[in-house]
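Chemist: Let me give you the structure first, and then I'll get to my questions.
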Amino acid sequence: MEWSRAEVKSILTRTSGYLKSVTSHSLQPYRGCPLGSSLCGVGCYVQHNRWLTRGRRWGSFLEARTNAAEAYLRQVAGERRWGRASRGSFGVFLSSSTEPFPPQERRLGITRRVLAAMLDEPPDVLVLQTHSPAVVAHLELVRRLAARCRLRVHLSIETDRERLPGLPPHASPVARRLAAAAALKAAGIATVVTVAPLLPIADPDAFFSRIAEVAGAVVIDHFIGGDGSRDGRRTRATPLVAAIAAVEPAAVELEYRQRMVEVARRYLPGRVGVSIDGFAGRYLS
Ligand code: SF4
């Protein structure tokens, strides 16, 4: 793993594309992602961003933005004004192209300092999007922040399967992420499990009934329509699709998403979001 530190001039990026309807801004405390070598990295759409990877293998590098909190405090007043005027609110998606709680965060504390800065200067909306149960190490900070803004923690759990044959393992076990969601929910934090991208589910009834216990809502997204390319072309260029098809051929079709949505609605009525609407907090009635 090649890793480096960098000081950035700005950390709040005005959203474009599909994220535009979710929050006004995104914030990446790191560039690159060490979880890129695990299962979620196989189909991760960020690896196709050549400007970001500069030819390096996804998962092989991490740049820590050491002054992220200071950069946030420098930008916040102006970007809050812009967000409210242009998008109706100042919302931050943390993070859309990296993991905010990689293992290195324990030592570096970059995301933790950003969250602490937000206590003084909160956004209107904060979506904490993570694949890592390490978010619970910051429970108290997140709880205090939730009292200052509309905060949701989105925890990614793409399947109930611990392995997809032929692919690397998850960065953290499914059971640990479910337990992390339960801890967040028990602390009164709005907790959403994001099943994105949807992978083959061994026991859909058991999976969604468990999610209903540990989270307030679920978002289901398929690589078709969810990876930012036409017909899931970006994901089809990765080994993920063949691995999905080997386990459950039907799961590579968009219709599989609808089947899983119907199961989820039985356990979480009014609390199931589909694709980008779900990420924006809009759920099916
Ligand atoms: S944690 Fe997120 S950004 Fe990192 S590899 Fe997985 S999907 Fe991509």
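Chemist: Restricting attention to the stretch 28-68, report how many residues are within 18 Å of Phe101 (Cβ to Cβ), over 14 Å from the mean Cα position of the chain (by Cα), within 13 Å of the ligand (Cβ to nearest atom) and small (Gly, Ala, Ser).
Modeler: Residues flagged as within 18 Å of Phe101 (Cβ to Cβ), over 14 Å from the mean Cα position of the chain (by Cα), within 13 Å of the ligand (Cβ to nearest atom) and small (Gly, Ala, Ser) within the stretch 28-68 amount to 4.
Chemist: Report, by residue number, each residue of the stretch 29-53 that is β-branched (Val, Ile, Thr) and within 20 Å of Asp221 (Cα to Cα). Steps first, please.
Modeler: Filtering the stretch 29-53 down to residues β-branched (Val, Ile, Thr) leaves 42, 46, 53.
Across the stretch 29-53, the qualifying residues are Val42, Val46.
Chemist: Also, I was wondering about something else. Among the residues of the stretch 166-189, how many are surrounded by 15 or more Cβ atoms within 10 Å (Cβ to Cβ), among the small types (Gly, Ala, Ser), in contact (Cβ under 8 Å) with a residue 40 or more places away in the chain and not in a loop (DSSP other than H, G, I, E, B)?
Modeler: Matching residues across the stretch 166-189 total 2.
Chemist: Need the failing condition index for Val153 against (1) within 16 Å of the chain's Cα centre (by Cα); (2) crowded, with 23+ Cβ neighbours inside 10 Å; (3) more than 16 Å from the ligand (Cβ to nearest atom); (4) among the hydrophobic types (A, V, I, L, M, F, W, C), just the number.
Modeler: Evaluating Val153 over (1) within 16 Å of the chain's Cα centre (by Cα); (2) crowded, with 23+ Cβ neighbours inside 10 Å; (3) more than 16 Å from the ligand (Cβ to nearest atom); (4) among the hydrophobic types (A, V, I, L, M, F, W, C) leaves (3) as the failure.
Chemist: Testing Asp120 on (1) of a type in the set (D, E, K, R); (2) surrounded by 17 or more Cβ atoms within 10 Å (Cβ to Cβ); (3) under 25 Å from Arg150 (Cβ atoms), one condition comes back false. Which one is that?
Modeler: Looking at each condition in turn, Asp120 falls short on (2).
Chemist: Sticking with this structure for a sec: Mind listing just one residue for me: the one in the stretch 69-105 that is within 18 Å of Leu141 (Cβ to Cβ) and away from the ligand (no atom under 16 Å from the Cβ) and, of those, surrounded by the most Cβ atoms within 10 Å (Cβ to Cβ)?
Modeler: Once the filter is applied, the top-ranked residue is Val92.
Chemist: Taking the stretch 16-32 as the region of interest, how many residues are open to solvent by 10 Å² or more (accessible area, probe 1.4 Å), assigned to a loop (DSSP other than H, G, I, E, B) and touching a residue at least 40 places away in the same chain (Cβ under 8 Å)?
Modeler: 2
Chemist: Can you name every residue in the stretch 205-231 that is over 30 Å from Val136 (Cα atoms) and modelled with pLDDT of 95 or more?
Modeler: We begin by selecting, within the stretch 205-231, every residue over 30 Å from Val136 (Cα atoms); these are 224-225, 229-231.
The one that is over 30 Å from Val136 (Cα atoms) and modelled with pLDDT of 95 or more: Ile224.
The values are calculated or read from the model by the stated rules, or taken from the named source; none is laboratory data. Remember, predicted model here, so these are calculated numbers, not experimental data. FYI the Cβ positions are ideal-geometry reconstructions off the backbone, even for glycines, and counts take in every protein chain you see. For the accessible areas, the whole protein counts, side chains as well, though only heavy atoms, and no ligand, DNA or RNA atoms are used. Shrake-Rupley method; radii C 1.70, N 1.55, O 1.52, S 1.80 Å.
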